[in-house]
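Asks: Sending over a structure as structure tokens; questions will come in a sec.
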Amino acid sequence: MKSKAFKAAIPEGVVESHNETIPLVRADVVSALLSAFEKNGIDLEEALKHANITREMLLNSENMIMNDSVRNILEVVYNENGIFPLAHSISQTIRTHLIPEFVKTLPHSLTVRDVLTKFNLLIRESIPAASQYLDIDKDTAWFCSAYKHKTIGHWQEVFNILYATQLIRSLINNETWMPKMVSLQQGISGDFAKNIPKDVQLLFSQKVTKISVELELLDQPINTPYPEPAPREIVWHSTFTDTIYTALLPYVHEQHLDIELAAKLFDMSTRTLQRRLQQEKNSFRAIKNSLMFDTACELMSRNLSLTQVSVQLGYADISHFSRAFKRFSGLTPKLYQAALIEEKNSLKIKQS
């Protein structure tokens with residue numbers, strides 16, 4: 001959901017700064033992963049609490065969840081259950097959901113090289129946190145993973161290697177394909193050695209996590225069982241403000257969405273958050289107001305009563321909500337809802 005009022009608050013001419021974006025993951029991706037964990041008997045209540053995520057936030061598949069929150073879930077699952085249940089659940093999710101949903105969007109004219117080179121852009125709509133790249137030396141191509149954090153857990157390498165391997169398998173339509181070499185940052189005593197077939201050469205204590213890809217595969221057209229996808233335009237965040245808005249959208253129903261909570265979610269101080277918003281001539285209060293206004297309008301468009309809307313947005317009573325809504329829009333919610341009904345009736349008359 002995009003806000004007209006919010007868009008107007010973003011100054012024109014602001015250029016995207018990739019090193020300042022907050023990595024996000026679409027809610028349906030997170031839901032698929034959690035579902036796999038639960039099917040394998042893993043209790044997620046403590047992990048969700050630790051990550052500050054509620055199940056309600058995941059009901060809307062287009063919500064965006066902060067990557068650090070997802071990372072916290074995986075870390076708790078790993079610490080409480082060990083590498084094998086984690087790796088099994090991750091492998092299931094990658095094979096049955098993450099990779100198929102991504103590969104379905106790829107035009108058949110692309111080669112394997114195209115996909116690996118443009119991977120971050122192609123998958124940006126669902127996992128803008130992705131940071132993979134293709135590196136080619138004399139006789140080997142490598143599909144590499146970059147990490148935001150300086151120190152990474154063993155489970156992170158397990159996830160990235162499993163994902164990269166299944167991606168190549170899907171692109172060439174060969175479920176038995178395996179990389180000949182895997183480069184790992186963890187040492188020989190790490191968890192990964194326990195999950196890799198013996199015929200794969202493991203390189204331990206390396207600077208980069210990566211898998212080898214045969215050079216002759218790169219220029220092959222991708223071979224997938226899915227129909228040619230319809231052309232699509234990938235629209236993504238142009239500013240830090242826009243990213244903050246999208247990241248906070250799942251939290252709009254929380255009664256205590258304040259700048260302290262937002263700063264904690266983004267792993268920065270309140271002063272840093274305020275400063276970065278001020279650089280774009282914006283403020284946390286303006287973003288919160290836009291979130292509340294947009295969500296209220298959306299809920300009213302679903303024919304919810306004003307009492308239901310005010311409760312969902314965490315207002316103490318309908319009068320508090322009405323005053324806040326009028327402050328945002330200049331109209332009372334009752335008048336706004338009446339205008340919505342009139343517009344719907346007008347459309348029905350035109351269609352009949």
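Asks: Counting each DSSP H run of 4 or more residues in the chain as -39500 (n - 2.57), what helix-only mean residue ellipticity at 222 nm follows after dividing by all residues, to the nearest 500 deg cm²/dmol? Let's see the in-between values first.
Replies: Values: 17 runs with 170 residues, N = 352.
For the chain, the value works out to -14000 deg cm²/dmol.
Asks: Taking the chain as a Gaussian network, Cα atoms linked when under 10 Å apart, which of Ile73, Ile341, Ile42 shows the biggest mean-square fluctuation?
Replies: Ile341
Asks: Separate question: Which residue, Asn120, Asn67, Asn79, has the most motion in a Gaussian network model of the chain that connects Cα atoms within less than 10 Å?
Replies: The residue that fluctuates most here is Asn79.
Asks: Using +1 on the beta carbon of Lys and Arg, -1 on that of Asp and Glu, and nothing else charged, what's the dipole of the chain about the Cα centre, debye to 20?
Replies: Dipole magnitude for the chain comes out near 980 debye.
Asks: Give Lys207/Lys281; Lys49/Lys180; Lys118/Lys207 a once-over and call out the pairs whose C-alpha atoms are over 30 Å from each other. Can you show the working numbers first?
Replies: Working: Lys207/Lys281 40 Å; Lys49/Lys180 40 Å; Lys118/Lys207 22 Å.
Result: Lys207/Lys281; Lys49/Lys180 exceed 30 Å.
Asks: With every protein chain left in place and a probe of 1.4 Å, what is the accessible surface of Thr272, to the nearest 10 Å²?
Replies: 40
Asks: Right, something else. Find which of Thr151, Leu122, Trp177 sits farthest along the positive direction of the dipole of the stretch 24-219, computed with +1 on the beta-carbon of Lys and Arg, -1 on that of Asp and Glu, about the Cα centre.
Replies: Looking along the dipole axis, the top candidate is Thr151.
Asks: For the stretch 131-190, give the magnitude of the charge dipole about the Cα centre (Cβ charges: +1 Lys/Arg, -1 Asp/Glu; no others), in debye to the nearest 20.
Replies: Values: 5 positive and 5 negative charges, 29 e Å.
Value, rounded to 20: 140 debye.
Asks: How much accessible surface does Arg26 have with a 1.4 Å probe, in Å² rounded to 10?
Replies: 50
Asks: How long is the gain from Thr111 to Lys264 if the chain were fully straight, where each residue apart is worth 0.36 nm and the alpha carbon distance is subtracted? Could the numbers behind the result be given before it?
Replies: Details: separation 153, 0.36 × 153 = 55.08 nm, distance 4.18 nm.
Gain on extension, Thr111 to Lys264, equals 50.9 nm.
Asks: Quick one: angle between helix 333-351 and the longest Cα principal axis of the chain, in degrees between 0 and 90, rounded to 10, please.
Replies: 70
Asks: Want the number for Asn223 to Arg323: 0.36 nm per residue separation, take away the alpha-carbon distance, what's left? List each step's numbers first, then the result.
Replies: Values: separation 100, 0.36 × 100 = 36.00 nm, distance 5.74 nm.
Result for the pair: 30.3 nm of gain on full extension.
Asks: Rolling a 1.4 angstrom probe over the protein heavy atoms, how many square angstrom per residue are accessible across the stretch 24-219?
Replies: Heavy-atom SASA per residue in the stretch 24-219 reads 46 Å².
Asks: Would you look at the GNM of the chain, springs on alpha carbons closer than 10 Å, and say which of Arg124, Arg95, Arg285 moves the most?
Replies: Sorting by GNM fluctuation, first place goes to Arg285.
Asks: If you place +1 on the Cβ of every Lys and Arg, -1 on the Cβ of every Asp and Glu, and leave all else neutral, what size is the dipole of the stretch 24-219 about its Cα centre, to the nearest 20 Debye? Display every interim value, and only then the final one.
Replies: Numbers: 19 positive and 23 negative charges, 58 e Å.
I would put it at about 280 debye.
Asks: What figure in square angstrom, to the nearest 10, would you give for the accessible area of His108 with a 1.4 Å probe?
Replies: That residue has around 70 Å² of solvent-accessible surface.
Asks: What part of the accessible area of the chain, given as a whole %, is carbon or sulfur when the probe is 1.4 angstrom?
Replies: On the way: 9510 of 18660 Å².
Result for the chain: 51 percent of the exposed heavy-atom area is carbon or sulfur.
Asks: What's the angle, to the nearest 10 degrees (0 to 90), between helix 67-81's Cα axis and the longest principal axis of the chain?
Replies: Roughly 60 degrees between the two axes.
Asks: Another question, then. Please label the shape of the stretch 297-347 as rounded, prolate or oblate, based on the square roots a ≥ b ≥ c of the eigenvalues of the alpha-carbon gyration tensor (a/c under 1.5 means rounded; beyond that, a/b larger than b/c means prolate, else oblate).
Replies: Values: a/c = 2.74, a/b = 1.58, b/c = 1.74.
Oblate is the answer for the stretch 297-347, as a/c is 1.5 or above yet b/c matches or exceeds a/b.
The values are calculated or read from the model by the stated rules, or taken from the named source; none is laboratory data. Since the model is a prediction, treat every value here as computed from it, not as a measurement. Using ideal geometry, Cβ is built from the backbone for each residue, glycine included, and neighbour counts are taken over all protein chains shown. The accessibility values were calculated without ligands, DNA or RNA, using every heavy atom of the protein model including side chains. Shrake-Rupley method; radii C 1.70, N 1.55, O 1.52, S 1.80 Å.
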